[in-house]
Amino acid sequence: MAKMAASVVETGEDAFRKIFKLYKRRNPPPDFSDVIDFSECVTTDKVVPVKLDPAAVSDGDAAKVGLRPVKDWKAFNLQGYPGFIFITNPFLRGSQLFWVRQCLKTYPQKPNVCNLDMHMSPIDTQDIWDKSVPNLSSPSVGKTEPRTLLERLRWVTLGYHYNWNSKTYSASHSTPFPTELHLLSYQIATACGFPGFIAEAGILNYYKSDSSLGIHVDESELDHSRPLLSFSFGQSAIFLLGGTHRQDTPTAMYMHSGDLMVMSGQSRLFYHAVPRIVPTHQKVEALESDRCGWHSGWQGGAVVERVSEEDWAVCARYIHSSRINMTVRQVLGQGQNFPETPPRPGHPEERQEDDEDRMKRRRKSDSFNINNT
Ligand code: OGA
Ligand code: MN
C-alpha cells in the first residue's frame, strides 16, 4: 500500500490528475459525453433538483443586483458532494453584461491588484481598459500574441488580496470590497441558506480558449463554514469537482455563461480544477441579443447599471473568445480576526497538499493561477 502511494507521488498520476489531463487533451479531443450539463435539466441519479426558499430574498432585492426571482432559479445538488449547489444562469436578461463590464473595466483598476502588477509599475498598469481598447486584436486575425494589457490580464484580486506565494490573506493587504459585488453575493448566499454572508475577498480569473486552472483546494479563508461563490461569464468551461483526496475520481460538469456554483459544507474543501474552456457560440449570441433586454424591459433603480454601446462592443468581443470567472469568499467568521503573528515569509502555514505536488504546481503555473498551453 505504502509503495503504491509513493509511486503515485512520483508520477503525479493520481485519479484527479488523470481526469484533468484527459479533459485537457487536444489530440485526440476527449469524449465529452460524461460531462454533466445542468442546463439540459435532466434529473439523473447524480443530479438532484433542490428547492431554494423563494421568500429568503424579495423579487425586488434580487432584481436590484440583476437576478431573477428566486422561485425561478434552477438549482441542483450533486449526489456525493454535500453542500455543493449549482444554479443555472439566474441572471435577468441583459444583466450579465454589467458584471462582465465590471470585470473588464472597473475591477482591474487600482487599488485592486492584478497579475500585471507583479512585473509592471503601478503607472503602467493604470487604466488598463483605456489603454487597451484602441489596440485590441481584431477577432478575425485568429491566434496572435496578446498585445494589450486587457488581453494579458489573468487575475484580479479584490478586498483581502490573496497572496499567491504564501497562500494567505492578511489584514495589512486589503482594499475596500466592491459594494455591488458584495450585494450580489449576499443575496445569492441568503437564497442558499447562508444569511449574513460578507464578501471579503474576490479572485477573478480571465481565461483564453487554451487556458486551464490547476487542481486545488480553496482553504486559505479562515472560516470554512461560510460558502464560496463562483460565477462564470463568456465561454463555457469544464469544471472538475473531486473530493478531499486526490485519489477521489472527480465529476465533470459544464459551466456556461451566467451559471453559478455555491461551495459549502463538505464540498467547500473539495479538490477542483478547470481543465478546459469550451467554445459556446450559442451562449455568447444569447448574451449579445440580451443587450436588447435593456431597452425594453429594464426597470432600473438598482445596483446594476446600463452598459453603454461602446463598452458593450468591447465586452462582447472579449467574451467571444474568453471566459471570466469571479469567486467571492468570506475570509473571517463573525468576530474572527487574523492571527496576531502573520506567518513568516517563506514559512507558509501547513497545507493539505504535499511538498512535491506544490512544487510541481508552482513550476507549472509560474506562481500564477492560470496556465496557458
Ligand atoms: C478559483 C476557482 C474556478 C473557475 O478561482 O478558486 O476554482 O471556474 N475557479 O474558474
Ligand atoms: Mn477554487
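Just so you know, all these numbers are worked out from the coordinates, no wet-lab data involved. Worth saying up front: this structure is predicted, and the values here are computed from it rather than measured. Heads up, the Cβs are rebuilt from the backbone with ideal geometry, glycines too, and the neighbour counts pull from every protein chain shown.
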Next on the checklist: Given a Förster distance of 35 Å, report the FRET efficiency between Thr44 and Leu269 from their Cβ-Cβ distance, rounded to the nearest 0.05.
Outcome noted: 0.90
Checklist entry - In nm, to one decimal, how far is the Asp53 label point from the Asp223 one, both placed 7 Å along Cα→Cβ? => result 1.8 nm
Checklist entry - Between Lys21 and Ser170, 0.36 nm times their residue separation minus their Cα-Cα distance comes to what? => result 50.3 nm
Checklist entry - So what's the gap between the Cα centers of the stretch 233-249 and the stretch 148-180, to the nearest angstrom? => result 23 Å
Checklist entry - In vacuo Debye scattering of the stretch 178-225, one point per C-alpha: log10 I(q)/I(0) at q = 0.13, 0.14, 0.18, 0.29 Å⁻¹? => result -0.44, -0.51, -0.77, -1.10
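Charges at C-beta only: +1 for Lys and Arg, -1 for Asp and Glu. How large is the resulting dipole of the stretch 21-170 about its Cα centre, in Debye rounded to 20? Could the numbers behind the result be given before it?
Values: 20 positive and 15 negative charges, 57 e Å.
Around 280 debye, computed over the stretch 21-170.
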Item to check | Protection proxy ranking of 101-107, 322-328 - average other beta-carbon atoms within 10 Å, highest first | outcome: 322-328, 101-107
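Using alpha-carbon pairs under 8 Å, 6+ residues apart, how would you state the relative contact order of the stretch 178-237 in percent? Provide the component values of the computation, followed by the final result.
Working: 20 pairs, mean separation 18.8, N = 60.
That works out to 31 percent.
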Checklist outcome for this item: Given backbone amide H placed at 1.01 Å from N, residues whose amide H is under 5 Å from that of Ser257, ignoring those fewer than 5 places away on the same chain, are Gly234
Item to check | Segments 112-118, 308-314, 269-275 sorted - mean Cβ within 10 Å per residue, highest first | outcome: 269-275, 112-118, 308-314
